[in-house]
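Peer 1: My questions all concern the structure below.
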Amino acid sequence: MHSTNLLLEEPIRMASILEPSKPTFFPAMTKIVGTLGPKSRSVEIISSCLESGMSVARFDFSWGDAEFHQETLENLRAAVKKSKKLCAVMLDTGGPELQVVNKSEHPISLQADALVVLTPDQDKEATPNLLPINFSGLSKSVKKGDTIFIGQYLFTGSETTSVWLEVTEVKGEDVVCLIKNSATLAGPLYTLHVSQIRIELPTLTDKDKKVISSWAVRNKIDILSLSYTRNAEDVRHAREFLSKLGDLNQTQIFAKIENVEGMGNFDEILGEADGIILSRGNLGIDLPPEKVFLFQKAAVHRCNMAGKPAVVTRVVDSMTDNLRPTRAEATDVANAVLDGSDAILLGAETLRGLYPVETISTVGKICAEAEKVYNQDVYFKRAVKCVGEPMTHLESIASSAVRAAIKVKASVIICFTSSGRAARLIAKYRLPMPILSVVIPRLKTNQLRWTFSGAFQARQSLIVRGIFPILADPRHPAESTNATDESILKVALDHGKTAGVIKPHDRVVVFQKVGDSSVVKIIELEN
C-alpha cells in the first residue's frame, strides 16, 4: 500500500497561530468516539462528554458484564435527553483476545532475565513465576523464539507496566518464557498478544454472539466494532449473524484491524465492512514502530477514496492520568486529521482516565485547528480523479454539490436523505463546511408489523466527518412535494441558525430528491 502526501493548506501565517480559537456549536468536523466505563458512566459526566464533542459512545465487552454496561447505557440515554445531543452506540466485541487472569488482584512484579510459565490452568494463582491464561491452545501456536507481549487493560508501551517475553520452551500445554524487561502488572486482567502469530479462535466468539443476541438486540446498537478482523469472511460471517436478529440487520459493522493478517487482507476487508478502525495499540506490537504511520496513512487514504469512515485509536494515552497531552500526542491527533481520519477513538483515556471530559474537549480543539489548514482543494481533485469516469448519477450530483458549495462559499450544505448514502457521498469530499443531513424516515413492513427506518441511519452518520444529522418528521416522505420540502427545509435552516453556522445573507447549498431526480440548488438567505 502506498502512502499519500500531506494535505496542508499553505502558507500558514505565523500570526494566525497566536490568535485564540473561537468557540463553535460544532466543536470539530472530525468525530470523537468515547469509551464509557468506571470513570465516565454517570449521567453528569456523560452529559459533559456529549457537550464537549463526543458523538459515539463505545461499550467495550472485553471486560465488564452486561448488567454493568446496561446501567451505563441507561445513563447515556438520560444524558442524551438532558443535553439534547444525539449519540450513537458502538459495541466492541472481545474477539479472540488472550488474557492473563489474576484472581487475587495483587500486583505481580516480573524481573528481567527470570523465567515465567504461561499456563491454561486458571485455577492456579498468578505469581511472578506463573501466569494463568484463558486459552489452552497457546502451546500449539507458538515456538521457541516467538515474542509475547503482556500489558494491563490496553497496550501503553510503558516498560514499567507491560512486559516483553521470549518463548524458550513448550512443555505440554505450558509455555516457558524469558522475561525481557522488569515490570509490575496490576489489576485482575492483562491482555496477552503473540506477535505475528495466528491464534486459532473464531473472530466472532461464542461469548460475543451471546452478548450480541441479548444486550445488542435489546438496545438496538448502531455500530458493531468487530475486534481482530482478519479477512473479509469475518465481516460476512458477522453480517449474516446480525441479519437474523431483527433490527440489527441495520447495524453497521466496523472492522477493527489489529494485526498483520488483517493488514494483509485490508482491501478485501474494506470492500465488505461499513468502516475501519485502526487499532494502533495492537498494530504497534505486530508491526515495527517505524512502520505503523505508513500503514495509517495508506489505510486512511483507501478508506477516504472508498467513502467509508476511518477511525484512529490510541492518540492521547498520557491523558489517562494527566490533564494535558504531550506535544507529540497533540501533533499525532492533528496528523490523523490531516491524513483524512473521520473519527478519533478514545479508549483508556475516557474508560478509566481521570479526565474524560477534558480529554474529549482537548482532542476536539486539536481536530478543529487541523481542519482549518486541511487542503480541501487538493483532496477534492484527488477524490474525483480516483472515482474516474463515468461517475454514477448520485456520485456526480454529490460532487457537484460540493463544488457548488465551495465556489459560492456556502456556510453549510443541507442534504435530504433516507438511507444516509447521499450525505456520506458528500462527506467523502471533505468539505470545509458542515453537512446538515436531514434523515427522512421510510415506512417499512415485514408483513407482520410496520416500522419506520431512519433513527439508525441518523445516528450512524455521527461517526462520519462533517455530517451533523437531524431526524425529520416521519409523516414527510423522502420524495416530498414542494410544500413539505419547504417545511422540512425551514426546520433545517432554523437548526443551522440556532447552531450559529447559518447567518443572514449566507448562501446555503441544498441537495434533495425530486421524483426520480436528484437536485442541487443554492439559496441566498435574507435577514
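Peer 1: Scan the stretch 412-440 and report the pairs whose first residue is farther than 20 Å from G496 by Cβ and without any contact (Cβ under 8 Å) to a residue 60 or more places away in the chain and whose second residue is among the basic types (K, R) and buried (at least 24 other Cβ atoms within 10 Å of the Cβ), with Cβ atoms within less than 6 Å and a gap of 6+ or a chain change.
Peer 2: Final answer for the pair search is none.
Peer 1: Looking at (1) within 24 Å of A348 (Cβ to Cβ); (2) surrounded by fewer than 21 Cβ atoms within 10 Å (Cβ to Cβ), which one does A255 not meet, given that it meets all the others?
Peer 2: Evaluating A255 over (1) within 24 Å of A348 (Cβ to Cβ); (2) surrounded by fewer than 21 Cβ atoms within 10 Å (Cβ to Cβ) leaves (2) as the failure.
Here is a yes/no grid of residues against (1) surrounded by fewer than 21 Cβ atoms within 10 Å (Cβ to Cβ); (2) among the small types (G, A, S); (3) in contact (Cβ under 8 Å) with a residue 60 or more places away in the chain:
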site	(1), (2), (3)
K180	yes, no, yes
A186	yes, yes, yes
T191	no, no, yes
Q196	yes, no, yes
E200	yes, no, yes
W215	yes, no, yes
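Peer 1: Scanning the stretch 116-151 for residues that are of a type outside the set (G, A, S) and over 20 Å from L189 (Cα atoms), which turns out surrounded by the most Cβ atoms within 10 Å (Cβ to Cβ)?
Peer 2: Going through the qualifying residues, I end up with V142.
Peer 1: Of the conditions (1) touching a Ser or Thr at 6+ places or on another chain (Cβ under 9 Å); (2) open to solvent by less than 30 Å² (accessible area, probe 1.4 Å); (3) small (G, A, S), S361 clears all except one; give me its number.
Peer 2: (2)
Peer 1: Search the stretch 464-490 for residues being β-branched (V, I, T) and surrounded by fewer than 17 Cβ atoms within 10 Å (Cβ to Cβ), and hand back the single one that is modelled with the highest pLDDT.
Peer 2: Applying the filter and picking the extreme gives T484.
Peer 1: Residues in the stretch 64-84 that are buried (at least 17 other Cβ atoms within 10 Å of the Cβ) and not in a helix (DSSP H, G or I): how many?
Peer 2: So the count comes out to 0.
Peer 1: Turning to a different aspect of this structure: Working only within the stretch 85-95, note down all residues that are crowded, with 21+ Cβ neighbours inside 10 Å and either modelled with pLDDT under 90 or farther than 30 Å from I470 by Cα (or both).
Peer 2: Matches in the stretch 85-95: G95 only.
Peer 1: Looking only at the stretch 224-261, count how many residues are under 26 Å from G284 (Cβ atoms), touching a residue at least 12 places away in the same chain (Cβ under 8 Å) and more than 14 Å from the chain's Cα centre (by Cα).
Peer 2: Count: 11.
Peer 1: Collect the residues in the stretch 317-327 that are surrounded by fewer than 24 Cβ atoms within 10 Å (Cβ to Cβ) and either touching a Ser or Thr at 6+ places or on another chain (Cβ under 9 Å) or touching a residue at least 24 places away in the same chain (Cβ under 8 Å) (or both), keeping them in residue-number order.
Peer 2: To start, the set of residues in the stretch 317-327 that are surrounded by fewer than 24 Cβ atoms within 10 Å (Cβ to Cβ) comprises 317-318, 320-327.
Within the stretch 317-327, D317, S318, T320, D321, N322, L323, R324, P325, T326 qualify.
Peer 1: Quick one: which residue in E268, E261 is of a type outside the set (A, V, I, L, M) and out of contact with any helix residue (DSSP H, G or I) (no Cβ under 6 Å at 6 or more places or on another chain)?
Peer 2: Unique residue meeting the criteria: E261.
Peer 1: Something else now. Before we move on, is S162 out of contact with any helix residue (DSSP H, G or I) (no Cβ under 9 Å at 6 or more places or on another chain), surrounded by fewer than 21 Cβ atoms within 10 Å (Cβ to Cβ) and in contact (Cβ under 8 Å) with a residue 12 or more places away in the chain?
Peer 2: Criteria not met by S162.
Peer 1: Mind listing just one residue for me: the one in the stretch 328-351 that is in contact (Cβ under 8 Å) with a residue 12 or more places away in the chain, of a type in the set (A, V, I, L, M) and farther than 24 Å from K428 by Cα and, of those, most open to solvent (accessible area, probe 1.4 Å)?
Peer 2: Checking each candidate, the answer is A330.
Peer 1: Check off (1) surrounded by 15 or more Cβ atoms within 10 Å (Cβ to Cβ); (2) at pLDDT 95 or above for L98 and give me the number that stays unchecked.
Peer 2: Among (1) surrounded by 15 or more Cβ atoms within 10 Å (Cβ to Cβ); (2) at pLDDT 95 or above, L98 violates only (2).
Peer 1: For the stretch 226-244: of the residues being in contact with a helix residue (DSSP H, G or I) (Cβ under 6 Å, 6 or more places away or on another chain) and buried (at least 16 other Cβ atoms within 10 Å of the Cβ), which is nearest to G94 (Cα to Cα)?
Peer 2: L226
Peer 1: Residues that are farther than 22 Å from S55 by Cβ, open to solvent by less than 50 Å² (accessible area, probe 1.4 Å) and either in contact (Cβ under 8 Å) with a residue 60 or more places away in the chain or aliphatic (A, V, I, L, M) (or both): does the stretch 309-316 have at least one?
Peer 2: Looking through the stretch 309-316, none of the residues is farther than 22 Å from S55 by Cβ, open to solvent by less than 50 Å² (accessible area, probe 1.4 Å) and either in contact (Cβ under 8 Å) with a residue 60 or more places away in the chain or aliphatic (A, V, I, L, M) (or both).
The values are calculated or read from the model by the stated rules, or taken from the named source; none is laboratory data. Here the structure is a predicted model, which is why all the values come from computation and not from measurement. Positions of Cβ are backbone-derived with ideal geometry, glycine not excepted, and every protein chain shown enters the neighbour counts. Remember, those area values only see protein heavy atoms, side chains included, never the ligands or the DNA or RNA. Shrake-Rupley method; radii C 1.70, N 1.55, O 1.52, S 1.80 Å.
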